[in-house]
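Following: one structure in C-alpha coordinates, then a few remarks.
The values are calculated or read from the model by the stated rules, or taken from the named source; none is laboratory data. Everything numeric in this text was worked out from a predicted model, so none of it was measured. Positions of Cβ are generated from backbone atoms using ideal geometry, with glycine treated the same way; all protein chains shown enter the neighbour counts.
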(Lines give C-alpha, C1' and ligand atoms only; values in the text may rest on other atoms or scores of the structure.)
Protein backbone atom coordinates (compact mmCIF):
# COMPACT_ATOMS: atom_id res chain seq x y z
CA UNK A 1 0.00 0.00 0.00
CA UNK A 2 1.19 3.51 -0.77
CA UNK A 3 2.16 6.12 1.79
CA UNK A 4 1.45 9.65 0.43
CA UNK A 5 3.37 11.37 3.25
CA UNK A 6 6.50 9.32 2.55
CA UNK A 7 6.13 10.11 -1.16
CA UNK A 8 5.92 13.85 -0.39
CA UNK A 9 9.05 13.63 1.79
CA UNK A 10 10.91 11.84 -1.00
CA UNK A 11 9.79 14.53 -3.45
CA UNK A 12 11.06 17.29 -1.17
CA UNK A 13 14.40 15.49 -0.75
CA UNK A 14 14.68 14.97 -4.51
CA UNK A 15 13.98 18.66 -5.14
CA UNK A 16 16.87 19.41 -2.75
CA UNK A 17 19.13 17.36 -5.06
CA UNK A 18 19.41 14.35 -2.70
CA UNK A 19 20.54 11.53 -5.02
CA UNK A 20 19.82 8.86 -2.38
CA UNK A 21 16.21 10.03 -2.30
CA UNK A 22 15.98 9.62 -6.06
CA UNK A 23 17.27 6.06 -5.62
CA UNK A 24 14.52 5.39 -3.08
CA UNK A 25 12.00 6.96 -5.43
CA UNK A 26 13.23 4.69 -8.23
CA UNK A 27 13.00 1.60 -6.03
CA UNK A 28 9.50 2.59 -4.93
CA UNK A 29 8.15 3.05 -8.46
CA UNK A 30 10.19 0.97 -10.91
CA UNK A 31 8.14 -2.22 -10.63
CA UNK A 32 4.81 -0.41 -10.82
CA UNK A 33 5.81 1.71 -13.81
CA UNK A 34 7.32 -1.27 -15.60
CA UNK A 35 4.12 -3.29 -15.04
CA UNK A 36 1.96 -0.38 -16.23
CA UNK A 37 4.01 -0.04 -19.41
CA UNK A 38 4.30 -3.79 -20.00
CA UNK A 39 0.52 -4.20 -20.02
CA UNK A 40 0.36 -1.52 -22.69
CA UNK A 41 3.19 -2.63 -25.01
CA UNK A 42 3.29 -6.42 -24.40
CA UNK A 43 7.05 -6.56 -24.86
CA UNK A 44 9.57 -6.97 -22.07
CA UNK A 45 12.33 -5.23 -24.04
CA UNK A 46 10.18 -2.23 -25.00
CA UNK A 47 8.77 -2.00 -21.46
CA UNK A 48 12.29 -1.91 -20.00
CA UNK A 49 13.39 0.78 -22.45
CA UNK A 50 10.29 2.89 -21.84
CA UNK A 51 10.60 2.53 -18.06
CA UNK A 52 14.15 3.85 -18.24
CA UNK A 53 12.97 6.72 -20.41
CA UNK A 54 10.25 7.60 -17.89
CA UNK A 55 12.71 7.86 -14.99
CA UNK A 56 15.12 9.88 -17.11
CA UNK A 57 12.37 12.35 -18.03
CA UNK A 58 11.20 12.63 -14.42
CA UNK A 59 14.77 13.26 -13.27
CA UNK A 60 15.22 15.97 -15.92
CA UNK A 61 11.92 17.57 -14.95
CA UNK A 62 12.92 17.68 -11.28
CA UNK A 63 16.44 18.85 -12.13
CA UNK A 64 14.94 21.79 -14.06
CA UNK A 65 13.08 22.80 -10.84
CA UNK A 66 9.66 22.42 -12.42
CA UNK A 67 6.70 22.13 -10.06
CA UNK A 68 5.28 18.69 -9.25
CA UNK A 69 2.26 18.58 -6.97
CA UNK A 70 1.66 14.84 -6.83
CA UNK A 71 4.66 12.63 -7.58
CA UNK A 72 2.56 9.50 -8.02
CA UNK A 73 0.22 11.04 -10.60
CA UNK A 74 3.10 12.77 -12.33
CA UNK A 75 5.17 9.64 -12.94
CA UNK A 76 2.16 7.76 -14.32
CA UNK A 77 1.36 10.69 -16.58
CA UNK A 78 4.94 10.65 -17.90
CA UNK A 79 4.74 6.87 -18.40
CA UNK A 80 1.47 7.19 -20.27
CA UNK A 81 2.91 9.88 -22.53
CA UNK A 82 5.99 7.75 -23.23
CA UNK A 83 3.76 4.86 -24.31
CA UNK A 84 1.79 7.18 -26.59
CA UNK A 85 5.03 8.45 -28.14
CA UNK A 86 6.22 4.85 -28.54
CA UNK A 87 3.13 3.92 -30.54
CA UNK A 88 3.42 7.07 -32.66
CA UNK A 89 6.98 6.07 -33.53
CA UNK A 90 5.81 2.54 -34.39
CA UNK A 91 3.23 3.96 -36.81
CA UNK A 92 5.91 6.14 -38.43
CA UNK A 93 8.18 3.12 -38.80
CA UNK A 94 5.38 1.12 -40.41
CA UNK A 95 4.70 3.94 -42.85
CA UNK A 96 8.38 4.06 -43.86
CA UNK A 97 8.87 0.29 -44.27
CA UNK A 98 7.65 -1.87 -47.08
CA UNK A 99 4.46 -3.82 -46.40
CA UNK A 100 6.22 -7.16 -46.97
CA UNK A 101 8.50 -6.71 -43.93
CA UNK A 102 6.31 -7.80 -40.99
CA UNK A 103 9.10 -9.68 -39.20
CA UNK A 104 10.55 -6.48 -37.70
CA UNK A 105 7.61 -6.12 -35.35
CA UNK A 106 7.47 -9.65 -34.00
CA UNK A 107 4.40 -11.17 -32.46
CA UNK A 108 2.91 -9.46 -29.41
CA UNK A 109 1.50 -12.77 -28.18
CA UNK A 110 5.01 -14.22 -28.02
CA UNK A 111 6.09 -11.42 -25.67
CA UNK A 112 3.06 -11.97 -23.42
CA UNK A 113 3.57 -15.76 -23.20
CA UNK A 114 6.08 -15.62 -20.32
CA UNK A 115 3.60 -13.54 -18.35
CA UNK A 116 0.87 -16.08 -19.01
CA UNK A 117 3.09 -19.01 -18.07
CA UNK A 118 3.78 -17.38 -14.72
CA UNK A 119 0.07 -16.96 -14.01
CA UNK A 120 -0.93 -19.86 -11.79
CA UNK A 121 -4.69 -19.39 -11.83
CA UNK A 122 -6.79 -19.84 -14.95
CA UNK A 123 -8.88 -16.83 -13.88
CA UNK A 124 -5.86 -14.58 -14.19
CA UNK A 125 -5.18 -15.93 -17.67
CA UNK A 126 -8.74 -15.18 -18.70
CA UNK A 127 -8.56 -11.66 -17.30
CA UNK A 128 -5.26 -10.95 -19.04
CA UNK A 129 -6.68 -12.26 -22.30
CA UNK A 130 -9.79 -10.15 -21.79
CA UNK A 131 -7.70 -7.05 -21.10
CA UNK A 132 -5.92 -7.43 -24.43
CA UNK A 133 -9.24 -7.35 -26.26
CA UNK A 134 -10.41 -4.13 -24.61
CA UNK A 135 -10.10 -0.65 -26.03
CA UNK A 136 -6.90 1.10 -24.92
CA UNK A 137 -8.67 3.56 -22.64
CA UNK A 138 -10.59 0.75 -20.91
CA UNK A 139 -7.43 -1.31 -20.42
CA UNK A 140 -5.57 1.72 -19.11
CA UNK A 141 -8.17 2.71 -16.52
CA UNK A 142 -8.47 -0.89 -15.23
CA UNK A 143 -4.69 -1.20 -14.88
CA UNK A 144 -4.40 2.14 -13.09
CA UNK A 145 -7.23 1.39 -10.67
CA UNK A 146 -6.93 -2.30 -9.87
CA UNK A 147 -3.37 -3.31 -10.68
CA UNK A 148 -1.55 -0.13 -9.70
CA UNK A 149 -4.15 0.67 -7.01
CA UNK A 150 -4.43 4.38 -7.80
CA UNK A 151 -7.27 6.46 -6.47
CA UNK A 152 -9.92 7.93 -8.76
CA UNK A 153 -8.45 11.38 -8.05
CA UNK A 154 -5.00 10.28 -9.19
CA UNK A 155 -6.45 8.70 -12.32
CA UNK A 156 -8.28 11.95 -13.13
CA UNK A 157 -4.95 13.80 -12.93
CA UNK A 158 -3.21 11.26 -15.17
CA UNK A 159 -5.96 11.08 -17.79
CA UNK A 160 -6.85 14.78 -17.49
CA UNK A 161 -10.55 13.94 -17.29
CA UNK A 162 -13.23 14.97 -14.79
CA UNK A 163 -13.90 12.72 -11.81
CA UNK A 164 -17.31 11.62 -13.05
CA UNK A 165 -15.93 10.78 -16.51
CA UNK A 166 -13.28 8.54 -14.96
CA UNK A 167 -15.88 6.77 -12.84
CA UNK A 168 -18.10 6.17 -15.87
CA UNK A 169 -15.11 5.03 -17.91
CA UNK A 170 -14.09 2.60 -15.17
CA UNK A 171 -17.62 1.22 -14.95
CA UNK A 172 -17.83 0.72 -18.72
CA UNK A 173 -14.37 -0.85 -18.75
CA UNK A 174 -15.36 -3.34 -16.07
CA UNK A 175 -18.55 -4.22 -17.95
CA UNK A 176 -16.55 -4.76 -21.15
CA UNK A 177 -14.02 -6.90 -19.28
CA UNK A 178 -16.81 -9.03 -17.80
CA UNK A 179 -18.16 -9.65 -21.29
CA UNK A 180 -14.69 -10.63 -22.55
CA UNK A 181 -14.05 -13.04 -19.66
CA UNK A 182 -17.51 -14.68 -19.82
CA UNK A 183 -17.27 -15.39 -23.59
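Could you go through segment 118-126 and let me know if any residue there is modelled with pLDDT of 70 or more, over 17 Å from the mean Cα position of the chain (by Cα) and part of a helix (DSSP H, G or I). Yes, some residue in segment 118-126 is modelled with pLDDT of 70 or more, over 17 Å from the mean Cα position of the chain (by Cα) and part of a helix (DSSP H, G or I).
When you look at residue 26, is it in contact (Cβ under 8 Å) with a residue 40 or more places away in the chain and touching a helix residue (DSSP H, G or I) at 6+ places or on another chain (Cβ under 9 Å), yes or no? Spelling it out, it is not the case that residue 26 is in contact (Cβ under 8 Å) with a residue 40 or more places away in the chain and touching a helix residue (DSSP H, G or I) at 6+ places or on another chain (Cβ under 9 Å). Scanning segment 1-46 for residues that are under 17 Å from residue 60 (Cβ atoms), loosely packed, with under 12 Cβ neighbours inside 10 Å and at pLDDT below 80 gives 17, 19.
For beta carbons closer than 7 Å, sequence separation of 6+ or different chains, a first residue in segment 67-78 that is free of Cβ contacts under 8 Å to residues at least 40 places away in the same chain and a second that is buried (at least 19 other Cβ atoms within 10 Å of the Cβ), the qualifying pairs are 78/54; 78/58.
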